[in-house]
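Asks: Pasting a structure here, questions to come.
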Amino acid sequence: MRALLAVDIGNSTIGFGIFLKPTKNTKLFIKKIPTHPIQSAETYRKIIAEIIEHFTHLPIHTFTHSLEIDSIISSVVPSLNPSIIEAIKDICGRKPIIVSHELHCGLTFDVKRPEEIGTDRIANAVAGFYYFKKPVAVVDFGTATTITVVGRHSNFLGGAIMPGIELMQKALHTGTAKLPPVSNKRPKTVLGKDTASSITSGIINGTASAVEALIKSIEKELGFRLKLVLTGGHAKLMSPLIKRDHSMIPNLTFEGLRLIYLYRLKLLNSDIKERICMN
C-alpha cells in the first residue's frame, strides 16, 4: 500500500493531507495546525506521525512494513522548509517532492518571473485546469485573496493578489484608534447600521465585488471567458456572495499536490485524467 502525505505550508496554517490511495481516488484526510510559532523538526515529526497514525490506524513503528508513504510539499514560508523536510525524511525514509515552477506539472508559465509564484497557486492552477479542461480563474480565499488564471493551453497567465479577509480586519483594528475587531460572518445587509456591521460589509462584500470586477477586467483583456473556481479557508463564506456562476472546491490545493505527485511519477495517464475530470 502506498499513501501520499501532501503538506501545504501557508502563512497562517500548515495543512497535512493524507491520500491513502493517491493513484485511484481523491479521498483526503486533512489536519491543520498554526504556522506560528515555528517548531523544531522533532516536534513536527511527532505531529506528522500522530496525524498518519490517526488517519491510517497504523502505529508509527509499522509504517515501513505495511505502508509506504510518499510526500510532497508546497510552501510559501521558506524558513519552515528545513524542519518539515527533516521530519518527513525521518518518517518516510525519503525526501519529499518540493513544488516549484521548475517541477514538471503540465503547466507552462507565461509570466515574467515564474520563480516568484506561490507554490500554492501552482497547485491550484494544475488542479483547476484538469478538473474543468478549459481556461480557469481560481480564487483562493486565504491569508491573501489570490486570483490565478490558466489559459486554453494549460498556460499559467498570471492573476491578482489582494489582502485576505483576516488581514483586512487586523489592519483596520490595529491601524486605527477606535475600530473594533469583528467576526468572520456573512453580513445580512450591504448597508451597515453600526461600526461593526459596516466593517464586516466593507470587508466581505467588498472582497466579493473586487473579485468579480477583477475577473471581468481580466476576461476583457484576454478576450475569452474563464471558468470561476473558489477555494481556500473562506471559500464557503464567500461563495453565496459571488453572483456569477462558479464551482467551489475547498481542498483544491491538496488535489493539485496529488496531481503534481502523479506527474512526477509519470502516473498521470489518460484514464486517471478522465476520472479526475469526472469527479
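Read-outs throughout are calculated quantities, based only on the coordinates presented, and are distinct from any laboratory measurement. The shown structure was predicted, so the numbers you read here are calculated from the model rather than taken from an experiment. Ideal geometry is used to build each Cβ from the backbone, glycine not excepted, and the neighbour counts take in all protein chains shown.
Asks: Taking a ≥ b ≥ c as the square roots of the Cα gyration tensor eigenvalues, with a/c under 1.5 meaning rounded and otherwise prolate when a/b beats b/c, else oblate, which class fits the chain?
Replies: Note, shape of the chain comes out oblate.
Asks: Right, something else. Share of Cα-Cα pairs in region 108-252 beyond 24 Å, in percent?
Replies: Of the Cα pairs, 32 percent sit more than 24 Å apart.
Asks: Moving to a separate point now. Given +1 on the Cβ of Lys and Arg, -1 on the Cβ of Asp and Glu, and no further charges, what dipole in debye does the chain carry about its Cα centre, rounded to the nearest 20?
Replies: Result for the chain is approximately 720 debye, rounded to the nearest 20.
Asks: Set Lys and Arg Cβ to +1 and Asp and Glu Cβ to -1, take the dipole of region 160-221 about its Cα centre, and tell me which of 179, 203, 168 lies farthest positive.
Replies: Result: 179, furthest along the dipole toward the positive end.
Asks: Right, next: When you count, for each residue, the other Cβ atoms within 10 Å and take the mean per peptide, how do 68-77, 105-114 rank with the highest first?
Replies: 68-77, 105-114
Asks: Can you tell me the orientation of helix 81-92 relative to the chain, as the angle in degrees between its alpha-carbon axis and the longest Cα principal axis, to the nearest 10?
Replies: The angle comes out at about 40 degrees.
Asks: Here is a further query. Mind checking the angle between helix 41-56 and the chain's longest principal axis? C-alpha axes, 0 to 90 degrees, to the nearest 10.
Replies: It works out to around 80 degrees.
Asks: Taking the Cα centre of region 2-98 as the origin, how large is its charge dipole in debye, to the nearest 20, when only Lys and Arg (+1) and Asp and Glu (-1) carry charge on their Cβ atoms?
Replies: Dipole of region 2-98, to the nearest 20 debye: 280 debye.
Asks: What fraction of the DSSP beta bridges in region 108-252 is antiparallel, stated in percent and rounded to the nearest 5?
Replies: 60 percent
Asks: Please give every one of the lysines within straight-line cross-link reach of residue 193, meaning a C-alpha to C-alpha distance under 18 Å, and leave out same-chain neighbours fewer than 8 residues apart.
Replies: By straight Cα distance, residue 193 reaches 178, 185.
Asks: Arrange the peptides 213-225, 81-93 so that the one whose residues have, on average, the most other Cβ atoms within 10 Å appears first.
Replies: 81-93, 213-225
Asks: Take peptides 180-189, 229-238 and line them up by average Cβ neighbours within 10 Å, highest first, as a rough protection proxy.
Replies: Packing order, densest peptide first, comes out as 229-238, 180-189.
Asks: Treat region 8-101 as a sphere of radius equal to its Kirkwood radius over Cα pairs and apply Stokes-Einstein at 4 °C in a medium of 1.567 mPa s; give the translational diffusion coefficient in µm²/s, rounded to a whole number. Provide the component values of the computation, followed by the final result.
Replies: Details: Rh = 13.7 Å.
D = 95 µm²/s.
Asks: Could you give the length gained on full extension between residue 174 and residue 46, defined as 0.36 nm per residue of separation minus the Cα-Cα distance, in nm?
Replies: So the chain would gain 42.5 nm between residue 174 and residue 46.
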